[in-house]
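> First, the structure itself, so that you have it in front of you.
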Amino acid sequence: MDFAMNDRCAAGTGRFLEVAARRFDLSVEELSEFCGDDPDGDGDGEADGPVLEISSTCAVFAESELVGLAARGVPPRDALRAVHRAIARRVILLLKQVGATEPVYFTGGVAQNETLRRAVAAAAGMEIRTASSPQFTGAIGAALMA
């Protein structure tokens with residue numbers, strides 16, 4: 001019905017995930033498995049206590065926050081979970097921009113990251129579905145329109 005894309009900054013995009021993954025010597029494909037299902041890492045699948053957050057909405061500043069977290073000894077898994085939550089907050093702004101109602105489909109290459117899909121769904125308080133072959137959704141739509 002409608003869509004929105006982040007067009008202001010790399011924060012909230014696959015590029016930001018690439019930068020964050022590289023910072024911890026991971027590939028983008030490894031991120032979701034590395035982060036797992038548990039927001040605070042205690043094994044119960046719930047965030048019980050304070051959860052680490054990255055506050056910057058700019059990818060450059062957020063990367064600086066990652067460097068600072070690593071210097072403080074924060075485990076990479078916790079820092080990367082914070083990256084996913086930060087991106088989810090950016091996506092929520094896009095959902096509000098279009099007045100999203102369910103069903104919501106997550107498209108683009110970044111939609112292949114299950115951890116991010118779960119983070120967006122939790123932040124939005126709604127079901128977020130992933131389109132089949134989400135990395136091709138834009139191209140398929142353009143081809144259909146042409």
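Just so it is clear, none of the values below were taken in a lab; they were calculated from the coordinates. All figures in this text were calculated on a predicted structure; none of them were measured in a lab. Neighbour counts run over all protein chains shown; Cβ positions are idealised from the backbone, glycine included.
> So between Val74 and Met145, what do we pick up on full extension, going 0.36 nm a residue minus the alpha carbon distance?
Here the answer is 20.8 nm.
> Another question, then. Extension gain Glu29-Thr130, at 0.36 nm per residue separation less the Cα-Cα distance, in nm?
Value of the extension gain: 34.8 nm.
> Thr130's amide H: which non-local residues (gap 5+, or another chain) put their own amide H closer than 5 Å, with H modeled 1.01 Å from N in plane and none for Pro or chain starts?
Those qualifying (amide H under 5 Å, at least 5 residues apart or on another chain) are Phe106.
> A further question on this structure: Rounded if a/c is under 1.5, else prolate if a/b beats b/c, else oblate: with a ≥ b ≥ c from the C-alpha gyration tensor eigenvalues square-rooted, which is the stretch 70-146?
It is prolate, given that a/c is not under 1.5 and a/b is the larger ratio.
> Going by average Cβ neighbours within 10 Å, how do the peptides 116-129, 64-77 rank, with the highest at the top?
Result, highest mean Cβ count within 10 Å first: 116-129, 64-77.
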